[in-house]
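S.K.: Quick one: the structure is below, questions incoming.
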Amino acid sequence: MKYILMTMMSVLMLSMTACSTADEDPTGVVKPEVPKDTNVVNPVNDDNLKPGTDGRPSWQIASDLYQRYEQTMTVQVTVQTELLPYVSADDLMCITVNDEIRCVSPARYNNGEWTFSLVIAGMGNDKLLSVSYYCSKLARIYKRERWVVFSQTYKPTRENGRPYVIDFFY
């Protein structure tokens, strides 16, 4: 009887193991699927979404910024999926080139989504743009160095008309 019980337990355990998937951890918790359009390279660490202590930044562009630069790059962006629940009208997005502020934009809620309209001042020889995002609900500033190269011909939105998604947890 003991042998039959042990055999049944072994068969039961083997069948349970065979039915598990790679998307589950040993405790049986299913891992969330990362949306295909977010450009997420690494999984989000829970620490990235914990409230911080950053105060609202005083980012400002120079009053003569658009007179000093011969070109502008206009893009619509949003934050990655994991940050969307925390976006509010108090949030800011800042673009810099070599630590010079070239654009500051508040979050706007249009057509059911949060976006930032960026009109970035620059020149043809400008290199990589860096992005800073202040999330007021989390009291945190997120940074993305070397986001894209400045280009006056950069399309304002992705080909499907959707805003570009900036991934801060790469």
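Any read-out appearing in this document is the output of simple, stated calculations on the displayed coordinates, not a laboratory observation. In this text, all values refer to a predicted model and were calculated from it rather than measured experimentally. All Cβ positions, even for glycine, are placed from backbone atoms using ideal geometry, and neighbour counts span all protein chains on display.
S.K.: Select from the stretch 65-158 those trypsin sites (Lys or Arg not before Pro) which occupy a DSSP coil region and have at most 15 other Cβ atoms within 10 Å, ordered by residue number.
M.R.: Working: sites: 68, 102, 108, 127, 137, 140, 143, 144, 146, 158; in loops: 127, 137, 158.
When the trypsin sites (Lys or Arg not before Pro) of the stretch 65-158 are filtered for loop state and at most 15 Cβ neighbours within 10 Å, 127, 137, 158 remain.
S.K.: Also: Less than 10 Å Cβ to Cβ from residue 129, Lys/Arg counted +1 and Asp/Glu -1: what total charge do the surrounding residues give?
M.R.: Neighbour charge sum, excluding residue 129 itself: +2.
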